[in-house]
Amino acid sequence: MPLVDIDSAKSFLSSLENRSEREELFSIYERLPYQLINDSPTVKHYTRWENLDKLNLKIESLDGKRGGNYPSIPGYVRVVIHNNLVKETPLEFSSSVGNSLIKPEDHKLVSLTLSLSRKLEIKQGGKYLICHYTDVEGNFSPINIEIKVPEGESADVIYYSENKGKSMNSAVISASVSKNSSLNLTLVNKGNLSYNFVYSKARVEGSINTYIISSGFSEGHVEYHSYLEEGAQAFFSSRALGVENNNIDVITNVYHDGPKSVSNGFMKSVSAGSSFVVTRGDARINEQAIDSSTSIIGKAIMLGESTAVVAPMLEVRTGRVITAKHSASVSKVPEDLIFYLQNRGFDKKSAEGLIIRGFMEEEGDTEIVKKLIDEIITSLGY
């Protein structure tokens, strides 16, 4: 069985503009493998792609159960997509197909997503909250988002994805940040034993801060690739939280293409229950990126019988660098620490929650990121 029901996909595709282009994209999806076999820790098969091909999801536009109860943040322009219906937007969806920064051959599910999605374009600075919901069992919901921050402007974009059960949200998200411009990009992916795919690229001449949060998926895969031009600055932080039998895979890669570019990355994960959580990434300084600096740090903690993998990689292809460092650590939460907290009046679940919160939060988090992390941890029962 395929990931999406072929008849349902082709019927939905025919209802959109530029049908012939979309059919070509869909044919790319049909012939591409999920990924090439490779034992490198940054490209290894940690996501169980074969599980996705058991889903046979339909793509339909249906009214959901949430009603009008969507989160909002003061000062942010809100866009709501619910079960493939655009429920609320002050922005226009483009009729064009594809993404200027992300190519369909980048990944099998990129071509699928591009073939079936409308494109939301953000072409100026400002604050935007994009809510992407799916709560109908057996539904596939794709979206294509393209962000372009003009020179001298700043933008803050939050993509908030939430879905439940045997459903799947899939997003292709690109960001171009011009010189003397800045972008805060937050990618929140929250599941309830559901499925999720996000593929994102950023081309940066100015500065970008990226926050990635992923939790609660039977199978969740997030990839973020940032390309830094001369003098560009990038900070990224990924957080993954697995419970029960979740399988979560988060990749954060940064490529220094221009001189005097700077990046700092932190990857954190918590695995609990019988979950399997992977956080990995590659920081690469290319030959022409002289006098650049990079740092990529990975940390994970495990509770119960869970498994965590942390793989920060470093590639330096020039002899002229300012700083290049990476480190990784994985540890089990000592049972005596849980016991200590229980003796201080906490039940086991509350004790674990206290440890998780303390580990997942970072000093530099924005108030919005702190709130989102706390809401996700609470929703998972901690």
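By its C-alpha gyration tensor, with a ≥ b ≥ c as the square roots of the eigenvalues, how is the stretch 6-334 shaped: rounded for a/c under 1.5, else prolate for a/b larger than b/c, else oblate?
Oblate, because a/c is 1.5 or more while a/b does not exceed b/c.
Normalising by the residue count of the stretch 25-137, find the relative contact order in percent from Cα pairs under 8 Å and 6+ residues apart.
The normalised contact order for the stretch 25-137 reaches 36 percent.
Using a/c under 1.5 as the rounded threshold, could you call the stretch 237-382 rounded, prolate or oblate? The axes a ≥ b ≥ c are square roots of the C-alpha gyration tensor eigenvalues, and prolate needs a/b larger than b/c, oblate otherwise.
prolate
Based on the Cβ-Cβ distance from V86 to D53, what FRET efficiency comes out when R0 is 35 Å, to the nearest 0.05?
Efficiency at R0 = 35 Å is approximately 0.75.
Of the trypsin sites (Lys or Arg not before Pro) in the stretch 49-90, which ones lie in a loop per DSSP and count no more than 14 other C-beta atoms within 10 Å?
K54, K65
For the stretch 297-305, just list the computed ³J(HN,Hα) in residue order, Karplus coefficients 6.51, -1.76 and 1.60, θ = phi - 60°, integers in Hz, with x standing in for Gly and Pro.
Working through the residues one at a time gives 10, x, 9, 9, 10, 10, 10, x, 9 Hz.
Over 24 Å between Cα atoms, which of K103/K148; K166/K299; K179/K370 qualify?
In this structure, K166/K299; K179/K370 exceed 24 Å between Cα atoms.
With both bridge residues required to lie in the chain, what share of the DSSP beta bridges run antiparallel, to the nearest 5%?
Counting only bridges with both partners in the chain, antiparallel ones make up about 5 percent.
If a paramagnetic tag sat 7 Å from the Cα of S40 along the Cα-Cβ line, which residues of the stretch 308-344 would have the backbone N under 15 Å from that point?
Counting only backbone N, you get 311-317.
Kindly put I208, I248 in sequence by how many other C-beta atoms sit within 10 Å of each C-beta, fewest to most.
With the fewest neighbours first, I208, I248 line up as I208, I248.
Using Cα-Cα distances under 8 Å and only pairs 6 or more residues apart, what relative contact order does the chain have, in percent?
The value is 10 percent.
Please rank R280, R320, R118, fewest neighbouring Cβ atoms within 10 Å first, as an exposure proxy.
R320, R118, R280
Quick check on my link table: of K65/K164; K190/K348; K10/K44; K201/K325, which ones sit more than 20 Å apart, alpha carbon to alpha carbon?
K190/K348; K10/K44; K201/K325
Give me T186, T279, T307, T252 sorted ascending by neighbouring Cβ count inside 10 Å, so fewest comes first.
In order of increasing Cβ crowding within 10 Å: T307, T186, T252, T279.
Tell me, what HN-Hα J-couplings in whole Hz come from the Karplus equation 6.51 cos²θ - 1.76 cosθ + 1.60 at θ = phi - 60° for each residue of the stretch 328-340, using x for Gly and Pro?
Along the stretch 328-340, the couplings run 9, 8, 10, 8, 8, 6, x, 4, 5, 6, 4, 4, 4 Hz.
Any read-out appearing in this document is the output of simple, stated calculations on the displayed coordinates, not a laboratory observation. For clarity, every value in this text was computed on a predicted model and none was experimentally measured. Cβ atoms come from the backbone with ideal geometry, glycine included; neighbour counts cover every protein chain shown.
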